[in-house]
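Report on the following structure.
Laboratory data are not the source of any read-out in this text; all were calculated from the coordinates shown. Here the structure is a predicted model, which is why all the values come from computation and not from measurement. In this analysis, Cβ positions are derived from the backbone assuming ideal geometry, glycine residues included, and neighbour counts consider all displayed protein chains.
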Amino acid sequence: MADYYPILARAVSGLATNNARARQELYEHARTVFIAQLRRQDPQLSALESIRHSIAFETAILRVEAESQSMPETQPERFAGNNIPDDFASLLREPTLPAPDSNNSLGVCPPPSHLIPKKFIK
């Protein structure tokens, strides 16, 4: 499974303003890029693999945020949005099972891991 933590931690450490608001804006931007990369995968990831990647990504955000809250905040400024890499694709490239079908085009984000029954998580 891909490790998104280093990318997110590096992006947060590069913020000119490291406060809760700036980090949340960064996470939202990262999610947008991440979801776009998931959708552009060729071949498409199975629904289960997409969920696994999304859980790993959200877990990395939680870890970075928990660590960031223990550090002092810098002066508030607006997030510039240039600290997120535009390509998560290299992290998503792993051997996968073929997608069950292409009817999952709703673009729905998976639920947080604590809402997924344990029997579906390896």
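Ranked highest first by the average count of other Cβ atoms within 10 Å around their residues, in what order do 25-33, 64-72, 46-54 fall?
Highest to lowest by the protection proxy: 46-54, 25-33, 64-72.
Spelling out what I want: for every residue of the range 12-17, take phi, set θ = phi - 60°, compute 6.51 cos²θ - 1.76 cosθ + 1.60 (Karplus), and round to whole Hz; glycine and proline get x.
Coupling constants for the range 12-17: 5, 5, x, 5, 5, 10 Hz.
Give me the extension gain from Met71 to Gln24: residue separation times 0.36 nm, minus the current Cα-Cα distance, reported in nm with one decimal.
That works out to 15.4 nm of additional length.
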